[in-house]
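K.L.:
Here's a structure for you.
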Amino acid sequence: MSLLELDGVKVHFPVKKGLFFDRTVGHVYAVDGVSLSVEAGQTYGLVGESGCGKTTLGRAVLRLNDITDGAVVFDGTDLAQLPSEEMRSFRRRLQMVFQDPLGSLNPRQNIESILAEGMAAHDIGKDQAERREKIKEILAKVGLPANAMSRYPHEFSGGQRQRIG
């Protein structure tokens with residue numbers, strides 16, 4: 001059985017026109033009929049030209065973008081059927097890794113602030129002090145020193161940003 005199964009996934013965005021009353025005049029077909037299967041233990045790289053829908057597909061799998069049609073099943077669970085609150089906790093098991101995630105890291109926040117924000121959103125750590133200790137552990141696991149917490153995204157190499165983002 002596949003760990004992740006996408007079947008005919010489509011993500012279409014409406015094109016609206018009008019000053020006061022938005023009316024849909026067409027659609028942008030960002031993702032149109034993608035099917036793939038990833039087995040447990042496999043690493044899958046999604047590559048393509050700029051603007052071809054790679055990030056949109058990843059966001060659709062995480063249900064950050066609405067799926068127009070198709071199905072996304074992760075570890076036997078149809079993600080479209082999960083209530084929002086369950087999906088929020090389920091996202092902890094899923095992640096997208098960008099080649100250079102600089103764009104996903106807020107340049108005005110230091111690494112501690114960026115990581116603590118995600119931890120707070122997922123109720124990890126009971127307070128700021130506990131989150132700070134957990135961040136130190138996480139940074140050590142990915143080969144970064146504890147003092148990296150006070151640095152900003154632009155101060156890291158692309159590979160280091162991948163480990164952070």
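K.L.:
Among the residues of region 30-49 satisfying the criterion of being among the small types (G, A, S) and closer than 22 Å to T68 by Cβ, which is surrounded by the fewest Cβ atoms within 10 Å (Cβ to Cβ)?
P.N.:
G48
K.L.:
Conditions: (1) surrounded by 14 or more Cβ atoms within 10 Å (Cβ to Cβ); (2) of a type outside the set (K, R); (3) free of Cβ contacts under 8 Å to residues at least 40 places away in the same chain. L64 meets all but one. Number of the miss?
P.N.:
Evaluating L64 over (1) surrounded by 14 or more Cβ atoms within 10 Å (Cβ to Cβ); (2) of a type outside the set (K, R); (3) free of Cβ contacts under 8 Å to residues at least 40 places away in the same chain leaves (1) as the failure.
K.L.:
Also: Going through A60, A71 one at a time, which residue ends up being more than 30 Å from R151 (Cα to Cα), within 12 Å of the chain's Cα centre (by Cα) and aliphatic (A, V, I, L, M)? Let's see the steps before the verdict.
P.N.:
Values: A71 fails: within 12 Å of the chain's Cα centre (by Cα).
Sole residue among the options that is more than 30 Å from R151 (Cα to Cα), within 12 Å of the chain's Cα centre (by Cα) and aliphatic (A, V, I, L, M): A60.
K.L.:
Of a type in the set (V, I, T) and under 22 Å from V61 (Cα atoms): which single residue out of I164, I114, I124, I135 fits that description?
P.N.:
Numbers: I114 fails: under 22 Å from V61 (Cα atoms); I124 fails: under 22 Å from V61 (Cα atoms); I135 fails: under 22 Å from V61 (Cα atoms).
Result of the check over I164, I114, I124, I135: I164.
K.L.:
Also, I was wondering about something else. Can you find a residue in region 140-150 that is of a type outside the set (D, E), surrounded by 11 or more Cβ atoms within 10 Å (Cβ to Cβ) and within 19 Å of R91 (Cα to Cα)?
P.N.:
As a first pass, look at region 140-150 and keep what is of a type outside the set (D, E): 140-150.
Remaining after also requiring surrounded by 11 or more Cβ atoms within 10 Å (Cβ to Cβ): 140, 142, 144, 146, 148-150.
Applying the additional criterion that residues be within 19 Å of R91 (Cα to Cα) yields none.
The answer is no; no qualifying residue exists.
K.L.:
Pairs please, first residue from region 82-96 and assigned by TED's automatic domain parsing to the domain that holds L57, second anywhere and loosely packed, with under 15 Cβ neighbours inside 10 Å and assigned to a loop (DSSP other than H, G, I, E, B), Cβ atoms under 6 Å, 6+ apart in sequence or on different chains.
P.N.:
These pairs meet every condition: R92/H122.
K.L.:
For a quick check of your reading of the model, give me the residue pairs whose first member lies in region 115-127 and is touching a residue at least 40 places away in the same chain (Cβ under 8 Å), whose second is in a loop (DSSP other than H, G, I, E, B) and of a type outside the set (D, E, K, R), with beta-carbon atoms closer than 9 Å and at least 6 apart or on different chains.
P.N.:
none
K.L.:
What number goes with the only condition from (1) under 14 Å from the mean Cα position of the chain (by Cα); (2) over 19 Å from D7 (Cβ atoms); (3) not in a helix (DSSP H, G or I) that T55 does not pass?
P.N.:
Going through (1) under 14 Å from the mean Cα position of the chain (by Cα); (2) over 19 Å from D7 (Cβ atoms); (3) not in a helix (DSSP H, G or I) one by one, T55 breaks only (3).
K.L.:
Follow-up question, since we're still on this one. If we keep just the residues of region 79-108 that are of a type outside the set (D, E, K, R), closer than 26 Å to S50 by Cβ and surrounded by 13 or more Cβ atoms within 10 Å (Cβ to Cβ), which is modelled with the highest pLDDT?
P.N.:
Our first condition is that a residue be of a type outside the set (D, E, K, R); within region 79-108, this holds for 79-84, 87, 89-90, 94-99, 101-107.
Checking the rest, the ones that are also closer than 26 Å to S50 by Cβ come to 94-99, 101-107.
Keeping just the survivors that are surrounded by 13 or more Cβ atoms within 10 Å (Cβ to Cβ) gives 94, 96, 98, 101-102, 104-105.
Working: L94: 83, M96: 76, F98: 69, P101: 71, L102: 74, S104: 77, L105: 86.
Step by step, filter region 79-108, then rank; the result is L105.
K.L.:
V28: at pLDDT 90 or above, among the hydrophobic types (A, V, I, L, M, F, W, C) and within 26 Å of R93 (Cβ to Cβ), yes or no?
P.N.:
no
K.L.:
Let me ask you something else. Where the second residue is in a strand (DSSP E or B) and of a type in the set (S, T, N, Q) and the first is in contact (Cβ under 8 Å) with a residue 12 or more places away in the chain and lies in region 1-12, which pairs have Cβ atoms under 6 Å and are six or more apart or on separate chains?
P.N.:
S2/S37; E5/S37; L6/S35; D7/S35; G8/S35
K.L.:
Next question, about the same structure. Which pairs turn up if I take residues in region 29-41 that are part of a strand (DSSP E or B) and look for partners that are among the basic types (K, R) and surrounded by 13 or more Cβ atoms within 10 Å (Cβ to Cβ) with beta carbon separation below 8 Å, at least 6 apart in sequence or on another chain?
P.N.:
Sorted first by the residue in region 29-41, then by its partner, the pairs are Y29/K10; V31/K10; D32/K10; G33/K10; V34/K10.
K.L.:
Look through region 67-76, keep the residues that are in contact (Cβ under 8 Å) with a residue 60 or more places away in the chain and assigned to a loop (DSSP other than H, G, I, E, B), and return whichever of them is nearest to A40 (Cα to Cα).
P.N.:
We begin by selecting, within region 67-76, every residue in contact (Cβ under 8 Å) with a residue 60 or more places away in the chain; these are 69-76.
Subsequent filtering for residues that are assigned to a loop (DSSP other than H, G, I, E, B) retains 75-76.
Numbers: D75: 9, G76: 12 Å.
By that ranking, first place goes to D75.
The values are calculated or read from the model by the stated rules, or taken from the named source; none is laboratory data. Just so we're clear, the structure is a prediction, and the values are computed from it rather than from any experiment. Positions of Cβ are backbone-derived with ideal geometry, glycine not excepted, and every protein chain shown enters the neighbour counts.
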